[in-house]
Amino acid sequence: MQVTPYKDSEQQKKRQVEQMFDNIAPKYDFLNHFLSLGIDKLWRKKAIRILSDYKLDYLLDVATGTGDFAVAAAKLNPKQIIGFDISEQMLQVGRTKVKRLGLDQTIEFLKGDSEAMPFSNEQFDAITVAFGVRNFENLERGLAEFYRVLKPDGVVIILEFSKPRYFPMKQFYLFYFFKILPFIGGLVSKDSSAYSYLPESVMAFPDDQKFLSVLQKTGFSKTSQKRLTFGIATIYIAQK
Ligand SMILES: C[S@@+](CC[C@H](N)C(=O)[O-])C[C@H]1O[C@@H](n2cnc3c(N)ncnc32)[C@H](O)[C@@H]1O
């Protein structure tokens, strides 16, 4: 059974996810940094540092949301970054941000579904995704699209929440994630389902070795992972 944001909704997961991010878009950046105590910025920076080892002219940031990962990647001076997302409201916040930062010549935002992307085969040197793949309706289909639009030797860097394994971080994390985060997130965003969905979707996501296996099954090689902050998040790296 798929974990979806709105339990009473009959809509497919994809539409629910789009609606959820449209709803929370105005508060997304604030809540993201507040609820993670700013650690999310450090995680993105770490992921971008890994990316700096690769050739990078054309970069695709899938599930770009409000564009924070795309903005961080701009430091590597690629020719072009496309930020791609299914939620128009998240993209609108991103467009305003990128204009304010003077990055609108480098970063372009496009709306669409990562499981059926409007790009040519082998168009990109690298793909980044932060906290996105967990929301896909069909994970394998999304990853197969990544593989298709990447150039040979292209790299994909995926940052995603994972589950800490050990006491006491595991217990603390579960308490924070299931009790505190939904309470504050619901209060501020006025969408309580969104912040209950977050921990539920993290629990349901095949993290760690399981995710590496999915990447390998899709055709990726040189797969590896770096666990961050006691395993609360993980950077997955794979090459075509
Ligand atoms: C948690 S946000 C992450 C945003 C951003 N990458 C960041 O680091 O803050 C997840 C994003 O994934 C997008 N998303 C989920 N499913 C998608 C799909 N099938 N295609 C494109 N975007 C999708 C959502 O609209 C949302 O903006």
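From the list V133, V202, V155, which residue is buried (at least 17 other Cβ atoms within 10 Å of the Cβ) and either touching an Asp or Glu at 6+ places or on another chain (Cβ under 7 Å) or among the charged types (D, E, K, R) (or both)?
Working: V202 fails: either touching an Asp or Glu at 6+ places or on another chain (Cβ under 7 Å) or among the charged types (D, E, K, R) (or both); V155 fails: either touching an Asp or Glu at 6+ places or on another chain (Cβ under 7 Å) or among the charged types (D, E, K, R) (or both).
After ruling out the rest, the residue left standing is V133.
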Q.
Residues that are modelled with pLDDT under 95 and surrounded by 16 or more Cβ atoms within 10 Å (Cβ to Cβ): does the stretch 50-58 have at least one?
A. yes
Q | Tally of residues being in a strand (DSSP E or B), touching a helix residue (DSSP H, G or I) at 6+ places or on another chain (Cβ under 6 Å) and farther than 22 Å from N138 by Cβ across the stretch 87-114 | A | 2
Q | Every pair of residues 6+ apart whose Cβ atoms lie under 7 Å, when the first sits in the stretch 100-128 and is in contact (Cβ under 8 Å) with a residue 12 or more places away in the chain while the second is aromatic (F, W, Y) and in a helix (DSSP H, G or I) | A | I127/F146; T128/F69
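Filter the stretch 42-54 for residues that are out of contact with any Gly (no Cβ under 9 Å at 6 or more places or on another chain) and more than 10 Å from the ligand (Cβ to nearest atom) and give the result.
Our first condition is that a residue be out of contact with any Gly (no Cβ under 9 Å at 6 or more places or on another chain); within the stretch 42-54, this holds for 42-53.
Of everything in the stretch 42-54, those that are out of contact with any Gly (no Cβ under 9 Å at 6 or more places or on another chain) and more than 10 Å from the ligand (Cβ to nearest atom) turn out to be L42, K45, K46, I48, R49, I50, L51, S52, D53.
Return the residues of the stretch 64-86 that are assigned to a loop (DSSP other than H, G, I, E, B) and charged (D, E, K, R); say none if nothing qualifies. Talk me through it step by step, then tell me what you get.
First, the residues of the stretch 64-86 that are assigned to a loop (DSSP other than H, G, I, E, B): 64-67, 77-79, 86.
Residue satisfying the conditions is K79 alone.
May I ask you to say which residue of G112, G67 is surrounded by fewer than 17 Cβ atoms within 10 Å (Cβ to Cβ), within 8 Å of the ligand (Cβ to nearest atom) and modelled with pLDDT of 95 or more? Step through it out loud before you land on a result.
Numbers: G67 fails: surrounded by fewer than 17 Cβ atoms within 10 Å (Cβ to Cβ).
From the options G112, G67, the qualifying one is G112.
Residue check: is Q11 more than 13 Å from the ligand (Cβ to nearest atom), of a type in the set (S, T, N, Q) and more than 17 Å from K97 (Cβ to Cβ)?
Working: more than 13 Å from the ligand (Cβ to nearest atom): yes; of a type in the set (S, T, N, Q): yes; more than 17 Å from K97 (Cβ to Cβ): yes.
So Q11 fits the description; yes.
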Q: Quickly run through the stretch 131-167 and pick out the residues that are within 13 Å of the ligand (Cβ to nearest atom) and either modelled with pLDDT under 95 or not in a helix (DSSP H, G or I) (or both).
A: F131, G132, F136, E137, N138, I157, I158, L159, E160, F161
Q.
Exactly one of these conditions fails for T96: (1) surrounded by 14 or more Cβ atoms within 10 Å (Cβ to Cβ); (2) away from the ligand (no atom under 13 Å from the Cβ); (3) not charged (D, E, K, R). Give me its number.
A. (1)
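The values are calculated or read from the model by the stated rules, or taken from the named source; none is laboratory data. Being a predicted model, the structure only gives us computed values, none of them experimental. Because the Cβ atoms are built from the backbone with ideal geometry, glycine has one as well, and the counts that use them run over all protein chains shown.
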